[in-house]
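Reading through the structure tokens given below for one structure.
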Amino acid sequence: MSHFLRSERERVDLKQKTIYEYCKVDRKTYSRWEAGTPIPSNKLTLLAELGFDVLYVITGTRSVGLPVQNAGRLNHEEEVLLDNYRHCSPKEQAAIKATSDALAQQYISKKLTG
């Protein structure tokens, strides 16, 4: 299970600290989970809220048929945002990505504090 949890954390692109704070456990507990200690079911629910594929974390088999928001289609604002991104230089794209990453982490942090 440990390899799957670590792999899934990397897929959802979250830091360990963000996850263990969201799950309201200490760093050692989370590290034990990544080392193979079983994860309590109530904590698996919290991981799912963060976007983890819990079936994969437990079994190593990816979930199939999970609902996908908007069936993978972008709305107009998302299309414009993506088009603007594609018309930027690599340096500007890196800045946009860094900003987006920071805002996403901020959103998750707000969820942690209520």
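Below 8 Å between Cα atoms, with a sequence gap of 6+, how large is the relative contact order for the chain in percent?
29 percent
Under a 10 Å cutoff between Cα atoms, tell me which one of D26, D83, D13 has the largest fluctuation in the Gaussian network model of the chain.
D83
Computed over the Cα atoms of the chain, what is the convex hull's projected area averaged over all directions, in nm²?
With the hull built on Cα positions only, its mean projection is 8.6 nm².
Ranked highest first by the average count of other Cβ atoms within 10 Å around their residues, in what order do 100-111, 31-42 fall?
Ranked from most to least packed, the peptides come out as 31-42, 100-111.
Find out how many positive minus negative residues lie around D53, taking Lys and Arg as positive, Asp and Glu as negative, among other residues whose Cβ is under 12 Å from that of D53.
+2
By a straight-distance test (C-alpha under 28 Å), which lysines pair with K111 as possible cross-link partners, with residues fewer than eight away in the same chain excluded?
Correct list for K111: K15, K17, K24, K28, K43, K97.
When the Kirkwood radius is taken over all Cα pairs of the range 2-59, what Stokes-Einstein diffusion coefficient follows at 37 °C and 0.692 mPa s, in µm²/s?
Stokes-Einstein gives a translational diffusion coefficient of 300 µm²/s.
Ranking L5, L44, L81 by Cβ neighbours within 10 Å, fewest first, what do you get?
Ascending Cβ contact count within 10 Å gives the list L81, L44, L5.
Is there a quick way to get the dipole size of the range 9-51? I mean about its Cα centre, with the Cβ of Lys and Arg at +1 and of Asp and Glu at -1; what is the value in debye to the nearest 20?
Rounded to the nearest 20 debye, it is 140 debye.
Give me the Debye-computed log₁₀ of I(q)/I(0) at q = 0.21 Å⁻¹ for the range 73-113, equal point scatterers on Cα only, no solvent, two decimals.
The Cα Debye sum returns log10 ratios of -0.76.
For the range 2-59, what's the relative contact order in percent, using C-alpha pairs closer than 8 Å and at least 6 residues apart? Each step should come with its number before you reach the end.
Details: 40 pairs, mean separation 28.6, N = 58.
That works out to 49 percent.
Using only DSSP helix segments of four residues or longer, with each worth -39500 (n - 2.57), what per-residue ellipticity at 222 nm results for the chain after dividing by its residue count and rounding to 500?
-20500 deg cm²/dmol
Read-outs: derived from the displayed coordinates by stated rules, not from any lab. Just so you know, these numbers come straight off a predicted model, no measurement behind them. So basically every Cβ, Gly included, is an ideal-geometry build from the backbone, and we count neighbours across all protein chains shown.
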